[in-house]
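Student: Here it is, the structure in full.
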Amino acid sequence: MKKIAKLTVVGIIITQVAGCASLGVKPWERDLLAKESMSLSAEGVDLALDDHIYFSKEATSGGRAFAGGGCGCN
Amino acid sequence: MQLNKNSNIATTLAAATCALLGTTSLATQANDNNQNEWQFDTAILYYGEVDRVSLIEGVVSATKDFGDDHIFNGKVTFDGLTGASGTGAVPQNENQTFSRPSGKGGYSVAVGETPLDDTFKDSRVQVNAQWTQPIAQDMRGSAGVHISKEYDYLSMGINASIARDINKKNTTLSAGLSYQLDSIDPVGGTPDRLSSMSILSDLSLYDDDDDDDHGNTDQVDNPEYTAHELSYEQRESSQDKDTVDVLIGITQIINRRTIMQFNYGLSISDGYLNDPYKLISVISDQGVVQDTLFESRPDSRTKHNMYWQTKYAMDNGVIDISYRYAQDDWDIQSHTIESRLRFEISNESYIQPHLRIYQQSAAEFYQPFLLNTSLLPSFASADYRLGEMDAITLGIKYGSKMTNGNAWAVRVEYYQQDPKNAGFDAPGQLAELDLYPSIKALIVQFNYQF
């Protein structure tokens, strides 16, 4: 079952990458994407504070960034 | 890129103001030096649980572009934490006594109450430094260090990553590696795995004052106290663990309004992964506590993360949705769905509701208690954070940009954890007691950017 799940994920990634060539925008179409609020790292301080809270209070961490935590935080 | 944009907005606004006032703008003169200005991002956060832990955390993050996208970021984080933290021991129909981590003091837990160590107190300082720069055509490299120090804990780490733009910068591939070395020096020494907590027969027998190095001389000749003290002196001191993280990602621009990210993260920890302050009760078939042990977790853990995020630009805001699936070899699986919807109220202000839904399954060695009729397992923890749990966060943030280009924001959030029974029968008196109390927390944060 786990193998099937892994193969599915790998399959999705490959098709995504292959499909990427047809996606995207021209340089002059980046007006909205260039906004600060559209950056994937927007509100970085908030995201880091949230990561710290949830790292301390839950069993799983990471995803957006490294899972290590960087503190004892118990 | 964004830093320059921020500075430009600030400069433009300042220039416009000056033009209206008929004065010469220093900001305009300084325009060429914008990339040399420091940008500060600061925040102060309050996190408070009802009857449990409360935390104040302050962050100062400073970023400077030294030109041509050679960017330095330095960040200092302070936090102070006080209040009670659940120990893992079960409640009882009578008062219970426990030793504090140092062994010098003791505390009493009232009938039906979840055992909490109410002297829990810690402060922490963390420093991060990160350097990012182009290393080839369409390729960036980044390297950083962190150090975090608490009273009983030291964490040091290094990280490096590269990112490459392909497909006319519509696709970015990234890969990162981090190594972290943590050292814990528990108050009172490191208890042996699943060893009994030494608890004195009466609270008055304890040395009482944790801060008093001279001790309570009355207890020196008491054989019960002497044996108790000796058990703490025989403990090992500091313990280490190391963690290696690998993070690979792909970011794809879908169209003029949509950007998507997919990350896979692997995290391998080796060493001392216990929480030295967490306990597990040994109970009879009537649910009466017979003994209190220190928990025992495996000394390695491998975690996998899959993270997907999409951002969509509306005409008057941004939709941000993410999903994370995590699993590890402790048999914990979790699902996290998160959304932030940013609505621009005007050119200068926005409001942003936040929803986060979290669900995790229990670690294979999680048990709310041990039965005295069963053999002692190798690993057992009653830490509710390793048990089955649902959690929800509801929040709202309001942000505003000032005429001088600086910005502030405030957010208020409610976080609730609902631990669940992962199929354990509670014998005797435990059936009537709350073994899985909810934890409710309030989060308030204020940000200022300049």
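Student: Quick check on this structure: which one of B:152, B:118, B:165 is within 14 Å of chain A (Cβ to nearest Cβ) and at pLDDT below 95?
Tutor: Numbers: B:118 fails: within 14 Å of chain A (Cβ to nearest Cβ); B:165 fails: at pLDDT below 95.
Checking each option against the conditions leaves just B:152.
Student: Next question. Out of the strands (runs of 3 or more DSSP E) lying entirely within the stretch B:97-196, which hold 1 or more residues that are in contact with a Cys (Cβ under 8 Å, 6 or more places away or on another chain)?
Tutor: Working: elements: B:106-109, B:121-136, B:139-150, B:153-166, B:171-184.
By residue number, B:121-136, B:139-150, B:153-166, B:171-184.
Student: Which condition breaks for residue B:64 when tested against (1) surrounded by fewer than 16 Cβ atoms within 10 Å (Cβ to Cβ); (2) over 15 Å from residue B:445 (Cβ atoms)?
Tutor: In the conditions (1) surrounded by fewer than 16 Cβ atoms within 10 Å (Cβ to Cβ); (2) over 15 Å from residue B:445 (Cβ atoms), residue B:64 misses (1) alone.
Student: Further question: Any idea which of B:182, B:192, B:165, B:138 is within 20 Å of the chain's Cα centre (by Cα) and of a type in the set (Asp, Glu)?
Tutor: B:182
Student: Which residue is farthest from residue B:328 (Cα to Cα), if the candidates are limited to the stretch B:268-282 and must be among the polar types (S, T, N, Q) and open to solvent by 10 Å² or more (accessible area, probe 1.4 Å)? Don't jump to the end; show me each part of the working.
Tutor: Kept after step one, since they are among the polar types (S, T, N, Q), are these residues of the stretch B:268-282: B:269, B:274, B:281.
With open to solvent by 10 Å² or more (accessible area, probe 1.4 Å) added as a condition, the list becomes B:269, B:274.
Numbers: B:269: 11, B:274: 16 Å.
For the stretch B:268-282, the residue satisfying everything is B:274.
Student: If you go through the stretch A:20-34 one residue at a time, how many are more than 7 Å from every other protein chain (Cβ to nearest Cβ) and either within 19 Å of the chain's Cα centre (by Cα) or modelled with pLDDT of 95 or more (or both)? Even if it seems obvious, please write down each step before you answer.
Tutor: Step one: filter the stretch A:20-34 for residues more than 7 Å from every other protein chain (Cβ to nearest Cβ), giving A:22, A:26-28, A:30-31, A:34.
Subset that is either within 19 Å of the chain's Cα centre (by Cα) or modelled with pLDDT of 95 or more (or both): A:34.
Residues in the stretch A:20-34 being more than 7 Å from every other protein chain (Cβ to nearest Cβ) and either within 19 Å of the chain's Cα centre (by Cα) or modelled with pLDDT of 95 or more (or both): 1 in total.
Student: Check the stretch B:283-297 and report whether any residue there is small (Gly, Ala, Ser), at positive phi and in contact with a Leu (Cβ under 7 Å, 6 or more places away or on another chain).
Tutor: yes
Student: Moving on. Could you list all residues from the stretch B:283-306 that are of a type outside the set (S, T, N, Q) and surrounded by fewer than 20 Cβ atoms within 10 Å (Cβ to Cβ)?
Tutor: B:285, B:288, B:291, B:298, B:299, B:301, B:304, B:306
Student: Sticking with this structure for a sec: May I ask you to say which residue of B:327, B:252 is assigned to a strand (DSSP E or B) and either in contact (Cβ under 8 Å) with a residue 40 or more places away in the chain or open to solvent by 50 Å² or more (accessible area, probe 1.4 Å) (or both)?
Tutor: Only one candidate qualifies: B:252.
Here's the yes/no breakdown for (1) at pLDDT 90 or above; (2) facing chain B (nearest Cβ under 8 Å); (3) part of a loop (DSSP other than H, G, I, E, B); (4) open to solvent by less than 20 Å² (accessible area, probe 1.4 Å):
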site: A:3; (1), (2), (3), (4): no, no, no, no
site: A:45; (1), (2), (3), (4): yes, yes, no, yes
site: A:48; (1), (2), (3), (4): yes, yes, no, no
site: A:59; (1), (2), (3), (4): yes, yes, yes, yes
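Student: So in the stretch B:397-450, with the set limited to residues that are hydroxyl-bearing (Ser, Thr, Tyr), touching a strand residue (DSSP E or B) at 6+ places or on another chain (Cβ under 8 Å) and away from chain A (no Cβ under 12 Å), which one is nearest to residue B:349 (Cα to Cα)?
Tutor: First, pick out the residues of the stretch B:397-450 that are hydroxyl-bearing (Ser, Thr, Tyr): B:398, B:400, B:403, B:414-415, B:436, B:438, B:448.
Next, only the ones that are touching a strand residue (DSSP E or B) at 6+ places or on another chain (Cβ under 8 Å) stay: B:398, B:400, B:414-415, B:436, B:438, B:448.
Filter again for away from chain A (no Cβ under 12 Å), leaving B:398, B:400, B:414, B:436, B:438.
On the way: B:398: 7, B:400: 4, B:414: 23, B:436: 41, B:438: 35 Å.
Out of the qualifying residues, it is B:400.
Student: Now for a different question. Does the stretch B:182-195 hold any residues that are away from chain A (no Cβ under 14 Å), open to solvent by 20 Å² or more (accessible area, probe 1.4 Å), touching a Ser or Thr at 6+ places or on another chain (Cβ under 7 Å) and not basic (Lys, Arg), and which are they?
Tutor: From the stretch B:182-195, those away from chain A (no Cβ under 14 Å) are B:188-189, B:191-195; that's our starting set.
From what is left, the residues that are open to solvent by 20 Å² or more (accessible area, probe 1.4 Å) are B:188, B:192-195.
From what's left, touching a Ser or Thr at 6+ places or on another chain (Cβ under 7 Å): B:188, B:193-194.
Matches in the stretch B:182-195: B:188, B:194.
One line per residue, one yes/no per condition, for (1) touching a helix residue (DSSP H, G or I) at 6+ places or on another chain (Cβ under 9 Å); (2) aliphatic (A, V, I, L, M):
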{"residue": "B:280", "(1), (2)": "no, yes"}
{"residue": "B:285", "(1), (2)": "yes, no"}
{"residue": "B:321", "(1), (2)": "no, yes"}
{"residue": "B:341", "(1), (2)": "no, yes"}
{"residue": "B:357", "(1), (2)": "no, yes"}
{"residue": "B:361", "(1), (2)": "no, no"}
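Student: To continue, here is another question. For the stretch B:330-370, which positions are within 12 Å of chain A (Cβ to nearest Cβ), crowded, with 19+ Cβ neighbours inside 10 Å and part of a strand (DSSP E or B)?
Tutor: B:334, B:336, B:338, B:340, B:342, B:350, B:352, B:354, B:356, B:358, B:360, B:366
The values are calculated or read from the model by the stated rules, or taken from the named source; none is laboratory data. What you are looking at is a predicted structure, and each value in this text was computed from that prediction instead of being measured. Reconstructed Cβ throughout: ideal geometry from the backbone, glycine too, with neighbour counts over all protein chains shown. Heavy atoms of the whole protein, side chains included, go into the accessibility calculation; ligands, DNA and RNA do not. Shrake-Rupley method; radii C 1.70, N 1.55, O 1.52, S 1.80 Å.
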